[in-house]
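See structure below.
The values are calculated or read from the model by the stated rules, or taken from the named source; none is laboratory data. Computed from a prediction, not measured in an experiment: that's the story for all the values here. Here the Cβ is made from the backbone with ideal geometry for all residues, glycine too, and neighbour counts use every protein chain on show.
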């Protein structure tokens, strides 16, 4: 059992005038299945505060915070902590504009399993934020890396033969969503294809079956999930794998939102198609329009889907593009992308193996009927990705996931690298999610 040490608030400038009894002192413990997560509980305060947070710090100078949840008892979860590291914790409250800070409690986090991945840092300027990414190796799992390149959360998937392509923090702030999807080389049962809902303490809350699931999934603000799935049909005697988008509402009801066989025509003479029709590989939901965007590798297109009708209502890139590309270069074998206020940032893998993969940004002007390439970053190590790949806005920078190279890299708009970490040999990374929030609910 880890020893708790409670220190009086006196002596800390921020604690002047504090009433410890009013704020409360949390009872802390390290989560049994996740050594870097600390669970806090305490008795309800005598008078309910207008605001109350759990705060933690390694040095007593910089503090991270998360909201607390009222109940019997009140609870909070500290997330993003380093393994085997001592922290100070305290409650901070406000009553009618009067701020009060409670006593400090010290606790050391536990170690993560030896199977947890590590990043070898080449450039390591400390960064804000956390990167969530799937790590595929002989022991695959979902990882969060902090701005120092340290792994601060690690959950192993049940079957490492499956491809872990996506790790998402859920919109309700209570869990992490982890895919185990189709892998061309792995051995698995169809029933193993799933999205796993994992609590921050490492316990599995729910396993959502995704028959035929592959490449990617996304979540809407109301908790609706949508994932790419396969629909294999015979063209003559040849089985051809097409794509669908399946949507699951919070009540568990499922429906097929889109089927490629309904919106596109398969042509066996088209060199872009083989046994894999369209090869959808990334999906995002646009809250502004209520529509989905899907990346199609085979045609080099982004298509916009109307979930009410299952039709394609917009196309970018290629001969059918709704917007004229006025500057820059079309994408080829592109993978994941991130929608922005002005357009999107994406990873463009490039078609030929002698081409260098790049992160690229496009700005769209629907009224003018144009789009323009406004920024690009070809790999400074001449990497060519043969699968996956992602580009994520990170403040004013762009964070790149060089998936098949097992590398994460952050650059500014001038192309200067401030942060780069590489995983072990043979490791394959999934798509990424960047977040600066430490808010987690029990």
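So for region 423-436 (the condition being without any contact (Cβ under 8 Å) to a residue 60 or more places away in the chain and either surrounded by 15 or more Cβ atoms within 10 Å (Cβ to Cβ) or more than 22 Å from residue 119 (Cβ to Cβ) (or both)), does at least one residue qualify? The answer is no; no qualifying residue exists. Here residue 72 passes the criteria (1) in a loop (DSSP other than H, G, I, E, B); (2) modelled with pLDDT under 95; (3) within 24 Å of the chain's Cα centre (by Cα) except the one numbered (3).
Screening region 1-66 for strands (runs of 3 or more DSSP E) wholly inside it with 2 or more residues that are at pLDDT below 95 returns the ranges 5-7. Kindly indicate whether any position in region 271-281 is under 20 Å from the mean Cα position of the chain (by Cα), touching a residue at least 12 places away in the same chain (Cβ under 8 Å) and crowded, with 19+ Cβ neighbours inside 10 Å. Taking every residue of region 271-281 in turn, at least one turns out to be under 20 Å from the mean Cα position of the chain (by Cα), touching a residue at least 12 places away in the same chain (Cβ under 8 Å) and crowded, with 19+ Cβ neighbours inside 10 Å. Close contacts from region 132-147, counting a first residue that is closer than 15 Å to residue 433 by Cβ and a second that is modelled with pLDDT under 95 and surrounded by 24 or more Cβ atoms within 10 Å (Cβ to Cβ), with Cβ to Cβ under 9 Å and a gap of 6+ residues or different chains, come to 134/163. The residues of region 128-146 that are over 14 Å from the mean Cα position of the chain (by Cα) and either at pLDDT 95 or above or under 19 Å from residue 404 (Cα atoms) (or both), listed by number, are 136, 137, 138, 139, 140. Looking only at residues in region 92-108 that are out of contact with any strand residue (DSSP E or B) (no Cβ under 6 Å at 6 or more places or on another chain) and either in a strand (DSSP E or B) or not assigned by TED's automatic domain parsing to the domain that holds residue 38 (or both), the one that is surrounded by the fewest Cβ atoms within 10 Å (Cβ to Cβ) is 98. Among the residues of region 159-173, those that are at pLDDT 95 or above and over 17 Å from residue 440 (Cβ atoms) comprise 164, 165, 166. Only one of these conditions is not met by residue 180: (1) modelled with pLDDT of 95 or more; (2) out of contact with any helix residue (DSSP H, G or I) (no Cβ under 9 Å at 6 or more places or on another chain); (3) closer than 20 Å to residue 227 by Cα. Which number is it? Every listed condition holds for residue 180 apart from (2). Go through region 384-427 and give me each residue that's over 25 Å from residue 79 (Cα atoms) and either in a strand (DSSP E or B) or not assigned by TED's automatic domain parsing to the domain that holds residue 349 (or both). Once the filter is applied, which keeps residues that are over 25 Å from residue 79 (Cα atoms) and either in a strand (DSSP E or B) or not assigned by TED's automatic domain parsing to the domain that holds residue 349 (or both), region 384-427 yields 402, 411, 417. Taking the listed residues 326, 340, 364, the one that is touching a residue at least 40 places away in the same chain (Cβ under 8 Å) and either surrounded by 14 or more Cβ atoms within 10 Å (Cβ to Cβ) or within 17 Å of residue 411 (Cα to Cα) (or both) is 364, with no other qualifying. Go through region 149-175 residue by residue and tally those that are under 27 Å from residue 386 (Cα atoms) and either more than 13 Å from the chain's Cα centre (by Cα) or surrounded by 23 or more Cβ atoms within 10 Å (Cβ to Cβ) (or both). So the answer is 17. Being more than 16 Å from the chain's Cα centre (by Cα) and not in a loop (DSSP other than H, G, I, E, B), is that true of even one residue in region 430-438? Within region 430-438, none of the residues are more than 16 Å from the chain's Cα centre (by Cα) and not in a loop (DSSP other than H, G, I, E, B). Select from region 386-404 the residues that are surrounded by fewer than 22 Cβ atoms within 10 Å (Cβ to Cβ) and without any contact (Cβ under 8 Å) to a residue 60 or more places away in the chain and write down the one among them that is farthest from residue 295 (Cα to Cα). Among those residues, the one meeting the criterion is 396.
Per-residue answers, yes or no, for (1) more than 22 Å from residue 39 (Cα to Cα); (2) exposed (fewer than 14 other Cβ atoms within 10 Å of the Cβ):
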residue	(1), (2)
81	no, no
90	no, no
114	yes, yes
129	no, no
143	no, no
147	yes, no
